[in-house]
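> Below you will find the structure I want to go over with you.
The values are calculated or read from the model by the stated rules, or taken from the named source; none is laboratory data. Treat the numbers as computed from the prediction; the structure is a model and nothing was measured. Cβ atoms come from the backbone with ideal geometry, glycine included; neighbour counts cover every protein chain shown. In case anyone asks, the SASA skips ligands and DNA or RNA and just uses the protein heavy atoms, side chains included. Shrake-Rupley method; radii C 1.70, N 1.55, O 1.52, S 1.80 Å.
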Amino acid sequence: MLKIKYINHILEELDVIKDMLGRNVFAVDTSRSPYALLKPVSITSVKITEGFWKMRIDAVFQNTLMSIYRKLEETDRINRFRWAARGLPIQSDKTVFPFDDTDVYKWIEACAYKLAQAPDENLEKLISQIISEIGSAQEPDGYLFTELHGKHDLRWKNLAFNHEMYTAGHLIQAAIAWYRATGDSSLLNISTKFADLITETFKPDGLRGACGHPNIEMALVELYRETGKRDYLDCAIYLVEERGRSLIRSDGERGFITVYNIFGGAEYLVDHQPFKELKEIAGHAVRALYLNCGVTDIYAEIGDKELLLTLHRLWEDMTQYKMYITGGVGSRYITESFGEPYELPNMRAYSETCAAIANFMWNWRMLGVTCDAKFTDIMERTIYNGILSGISLNGTRFFYMNPLASRGQYTRQEWFLCACCPPNIARLLTSLPGYIYSVSNEGIWMHFYTSNTSSIKFNNIDVKITVKTDFPWNEKAEILVDPSQEEKFTVFLYIPSWCDNPVVRVNKERVKATPKTYLPINRVWRSNTLIEVAFPMKVKFNIANPLLEENFGKVALSRGPLIYCFEEVDNPKVNLWNILITDEKDVKLSYLNDLSSIVGLQVNGIELIEGLRDYLYLPINELKVRSKKIKLKAIPYFAWANRGMGSMRVWIPSTKRFTILESRLRSKKEARMKVRKTKR
């Protein structure tokens with residue numbers, strides 16, 4: 001009897017898995033978007049099998065999701081819905097922000113992506129119960145914002161800081177993910193009721209303004225994609241067009257008006273110019289990038305070329321002047337905002353984890369409407385560095401800010417009073433299988449290299465792809481393409497920008513490949529066609545533009561897509577603030593067993609040991625210092641602060657760079673002098 005019950009249980013589990021695998025689960029569904037050139041591949045079609053990203057995602061599945069749930073309960077985030085359902089005010093000082101509901105929504109979204117890949121009956125029951133409690137807190141007209149539950153006279157009065165629509169956006173995104181992953185429409189019904197209220201409220205003959213924190217725009221576009229209801233797309237367009245008119249303000253409350261002005265007013269909220277007139281990226285980094293995500297989604301649906309031109313203009317400004325080498329953005333601490341060109345401090349970098357995630361999200365959308373590898377380049381840089389640094393190796397501790405230097409006082413935390421980052425990074429990493437491939441009319445696009453098995457539909461045939469690689473530690477990957485029948489199409493391989501001499505072979509025959517492009521391999525594909533790639537991972541010593549004054553004469557190490565840093569724990573007898581790199585040729589690889597066999601680097605340097613503490617200022621001819629030769633060890637930036645507190649630096653002074661810069665400046669000066677003499 002027990003055996004029969006056990007067999008029945010197994011059969012039920014298999015039915016669940018079969019049902020899950022039959023679903024199309026996308027974070028962004030452009031499959032029917034007329035101006036999107038790339039279409040998504042379902043998360044359920046891609047299984048990451050081993051290696052780097054398997055370890056990272058397993059940590060989220062096994063540790064992060066339930067760790068976040070416990071914090072949501074401990075800090076009364078979920079209680080907000082329970083109190084609202086009973087008509088009670090918020091009764092806790094552990095949840096203080098009006099938008100704290102969003103932490104619950106982002107966690108549900110992350111869990112939905114997990115369930116799409118790995119069914120978990122207990123987790124699904126838990127979330128179903130929470131969804132029921134969320135629904136109980138919804139007001140009859142659809143309004144769902146626990147901060148102002150039952151306070152009708154306060155609705156939409158503080159568009160700058162209350163974030164009602166931002167919160168609704170995360171509810172909508174969670175609801176769509178949950179419905180796509182499980183087929184349960186209960187949360188989707190709750191979210192559409194709130195979305196209907198928003199579309200009925202904010203329209204040309206209705207309420208003017210937009211949300212102080214964008215997010216609702218991309219959520220409404222995705223809801224339009226899921227339901228086909230045009231009102232949602234029209235409302236998203238309206239909310240973008242309302243920006244730049246200084247309509248996003250706080251009515252009445254002096255305290256909020258003061259904060260509005262201190263933070264920079266309309267520019268902080270990206271409300272200082274109409275979107276199509278923006279010349280540079282400015283304001284709060286997450287707000288600005290979430291807005292760009294929404295606008296790119298709108299472009300994918302309506303094809304407004306002015307919007308796309310503006311997006312390109314903003315992207316160029318960000319990547320040329322305002323982005324850290326890690327892909328992080330947002331240099332100002334107080335306002336979490338973009339600064340002036342080249343204003344990229346290291347120790348005081350804000351570089352919020354959510355901003356790096358938003359950067360990834362925007363570049364994914366830009367890739368989808370352009371097929372331009374420059375966007376993949378930023379995605380790769382950001383996911384391996386500026387995003388992954390935001391979560392510990394075991395998945396239970398987080399960074400809110402991601403500085404590029406620390407004197408040892410900064411460390412990871414389990415949670416934050418403003419806890420937007422932990423569930424945000426969880427929802428991105430659990431959805432990562434959906435970012436590896438895309439399809440177009442021409443063929444299949446491969447964006448990231450990680451071991452996986454995938455089954456992709458193209459031209460009504462099944463194409464199985466198997467990838468084996470130890471990327472990013474090892475430069476090689478084997479890609480087996482196995483269509484269900486012979487078919488001519490193109491496989492587009494991303495060729496990374498950091499690789500100077502890529503090698504690609506198809507069935508042992510070499511194909512020419514160019515960095516920072518997609519290599520189109522057009523052929524008749526037959527069963528088990530083998531593609532072999534090798535992207536030599538030369539250690540590079542990167543310099544910054546001299547106008548970025550803080551990094552003048554310094555270098556940052558990279559290998560493959562990874563940026564490296566120097567951490568006190570690996571250099572225990574060295575003052576990291578007194579070191580210089582002296583030799584850029586003799587670099588050795590090292591394997592760090594205490595960091596899950598991560599590949600580290602060893603370089604030659606010197607430490608200044610005397611003559612630095614005796615003065616603040618000094619004539620240069622009186623400078624006397626003593627130094628000693630040392631071996632310096634570096635680890636990938638994403639892995640720092642996993643072994644206790646200590647100093648860390650990414651940018652290190654280089655004796656060679658000072659010499660090169662000096663000689664080049666001198667040669668330019670001499671060249672100018674020769675030109676002047678010739679003219680005379």
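> Over the chain, what relative contact order in percent results from Cα pairs under 8 Å that are six or more residues apart?
Numbers: 1347 pairs, mean separation 82.4, N = 680.
Relative contact order comes out at 12 percent.
> Give the accessible surface of the chain per residue, rounded to a whole number of Å², with probe radius 1.4 Å and ligands, DNA and RNA excluded. Write down the numbers at each step before the final one.
Numbers: 28760 Å² over 680 residues.
Ligands and nucleic acids excluded, the result is 42 Å² per residue.
> Something else now. If you compute semi-axes √(5λ) of the Cα gyration tensor in Å for the structure shown, which of (i) 43, 41, 22; (ii) 41, 33, 26; (iii) 62, 29, 23 do you land on?
Read-out from the structure maps to (ii).
> A further question on this structure: Suppose the chain between Gln129 and Asn604 were pulled fully straight at 0.36 nm per residue; how much longer would it get relative to their current alpha carbon spacing?
So the extension gain works out to 165.2 nm.
> Leaving out ligands, DNA and RNA, and with a 1.4 Å probe, what % of the accessible surface on the chain is carbon or sulfur?
C and S atoms contribute 50 percent here.
> Also, quick follow-up: Starting from the 7 Å offset along Cα-to-Cβ, what nm value, one decimal, do you get for the label separation of Lys508 and Arg86?
About 7.4 nm separates the two model spin labels.
> Can you list residues whose amide H is under 5 Å from Val511's amide H, if they're 5+ apart or on another chain and H is modeled 1.01 Å from N?
Long-range HN contacts for Val511: Val504, Arg505, Val506.
> Explain nothing, just compute: Karplus ³J(HN,Hα) = 6.51 cos²θ - 1.76 cosθ + 1.60, θ = phi - 60°, for every residue of the stretch 205-215 in order, whole Hz, x for Gly and Pro.
Each residue's phi maps through the Karplus curve to give 9, x, 6, 8, x, 8, 7, x, 10, x, 2 Hz.
> Once phi is turned into θ = phi - 60°, what whole-Hz ³J(HN,Hα) does the Karplus curve with 6.51, -1.76 and 1.60 give for every residue of the stretch 581-590, x standing for Gly and Pro?
After applying 6.51 cos²θ - 1.76 cosθ + 1.60, I find 8, 10, 9, 9, 9, 8, 10, 10, 8, 9 Hz.
> Need one number: nm distance between label points at Asn63 and Ser31, each 7 Å from Cα along Cα→Cβ, rounded to one decimal.
Between Asn63 and Ser31, the label points sit 3.5 nm apart.
> Could I ask something else about it? Between Lys629 and Val259, what length in nm is gained on full extension when 0.36 nm per residue of separation is reduced by their alpha carbon distance?
Here the answer is 128.1 nm.
> Check Arg523: other-chain or 5+ apart residues with amide H under 5 Å from its amide H, H built from backbone geometry?
Sorted by chain and number, the residues that satisfy this are Phe489, Val491.
> Under the rule of at least 5 residues apart or a separate chain, name every residue whose amide H is placed under 5 Å from the amide H of Val555.
When sequence neighbours closer than 5 places are left aside, the close amide H contacts are Ile652, Ser654.
> Efficiency by 1/(1 + (r/R0)^6): what FRET value for Ala118 and Asn621, r their Cβ-Cβ distance, R0 = 60 Å, to the nearest 0.05?
The formula returns an efficiency of 0.35 here.
> Shape verdict for the stretch 422-556, please, from the Cα gyration tensor: rounded (a/c under 1.5), prolate (a/b greater than b/c) or oblate.
Cα axes put the stretch 422-556 in the prolate bin.
> Let me ask something else about it. Can you give me the distance in nm between label points at Glu241 and Leu547, each placed 7 Å from the Cα along the Cα-to-Cβ direction?
3.6
> Next question. Using a ≥ b ≥ c from the Cα gyration tensor of the stretch 477-539 (square roots of the eigenvalues), is it rounded, prolate or oblate, where a/c under 1.5 gives rounded and otherwise the larger of a/b and b/c decides, a/b for prolate?
Taking the square roots of the gyration eigenvalues as a ≥ b ≥ c, the stretch 477-539 is prolate.
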